[in-house]
1. From Cα pairs below 8 angstrom and at least 6 apart in sequence, can you work out the relative contact order of segment 31-142, rounded to a whole percent?
2. How would 125, 33 line up by accessible area, probe 1.4 Å, largest first?
3. Per residue of segment 36-45, what does 6.51 cos²θ - 1.76 cosθ + 1.60 with θ = phi - 60° give for ³J(HN,Hα)? Whole Hz please, x for Gly and Pro, Karplus curve as stated.
4. Non-local amide H neighbours of residue 54 (under 5 Å, H modeled in plane, Pro and chain starts lacking H): which ones?
5. I need the shape label for segment 1-122. Rule: rounded when a/c is under 1.5, else prolate if a/b > b/c, else oblate, with a, b, c from the alpha carbon gyration tensor.
6. Report, ordered by chain and residue number, the aspartates and glutamates lying within cross-link reach of residue 17, taken as a straight Cα distance under 20 Å and ignoring same-chain residues fewer than 8 apart.
7. Considering only DSSP states other than H, G, I, E and B, which GluC sites (Glu not before Pro) in segment 92-128 qualify as loop sites with at most 11 other Cβ atoms within 10 Å?
8. Does segment 44-109 come out rounded, prolate or oblate, given a ≥ b ≥ c as the square roots of the eigenvalues of its C-alpha gyration tensor, rounded meaning a/c under 1.5 and, failing that, prolate meaning a/b above b/c?
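The values are calculated or read from the model by the stated rules, or taken from the named source; none is laboratory data. A quick note: this is a predicted structure, and the numbers were derived from the prediction, not measured. Ideal geometry is used to build each Cβ from the backbone, glycine not excepted, and the neighbour counts take in all protein chains shown. Remember, those area values only see protein heavy atoms, side chains included, never the ligands or the DNA or RNA. Shrake-Rupley method; radii C 1.70, N 1.55, O 1.52, S 1.80 Å.
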Amino acid sequence: MTKATTGAEAHDDEVRKLAGLASDIRVGMLTTIDESGRLISRPMAQQEVEFDGDLWFFAERDSRKVAHIAAVPEVGVTLTTKDKWISIYGTAELVDDPAKTRELWNGWVEAWLPQGPEDPNVALIKVTARSAEYWDTPGGRIASVLSFAKSKISGERYDGGDHGTVEL
């Protein structure tokens, strides 16, 4: 006999799936809104790979992205690999927490911010995810090619893999 899942259990499963998909993606695109209302995206390195609904990034306090976040904290983060895509909507904020800054500091960050974690211009950005949408092609490129060929032969719609939306 199969146990029925509750709405909360199904939601937790979706969050775990999203966390699993995001866990090995180190660099994403952070999208902010500039003073003219335009969307501006730039690559940013995630500082914690254990996705729990929060994403952490380092920046310089006097950078454009920090000014954008101060003016309009709504942001998008896109994480991708060859076979999975994640689009996250959330709210960004500057966090002044020296302990968290030291905890997240690593050689990758130091390559971009050689002044070190104690420098007053080093800023920690926390993105609190509100929702996310993902697309996953288990089996990668080969599975995608086979699914595409099957759709062409059968005339049925292409089924590229898993897709879901998660409210966080």
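1. 32 percent
2. Working: 125 0, 33 50 Å².
If we order 125, 33 from most to least accessible, we get 33, 125.
3. 9, x, 7, 7, 10, 10, 8, x, 9, 8
4. Residues meeting the criterion, in which the H sits 1.01 Å from N, are 129.
5. Working: a/c = 2.15, a/b = 1.64, b/c = 1.31.
Prolate, because a/c is 1.5 or more and a/b exceeds b/c.
6. By straight Cα distance, residue 17 reaches 9, 48, 50, 52, 54, 83, 133, 136, 159, 162, 167.
7. Numbers: sites: 93, 103, 110, 118; in loops: 118.
Answer in residue order: 118.
8. It comes out oblate by the Cα gyration axes.
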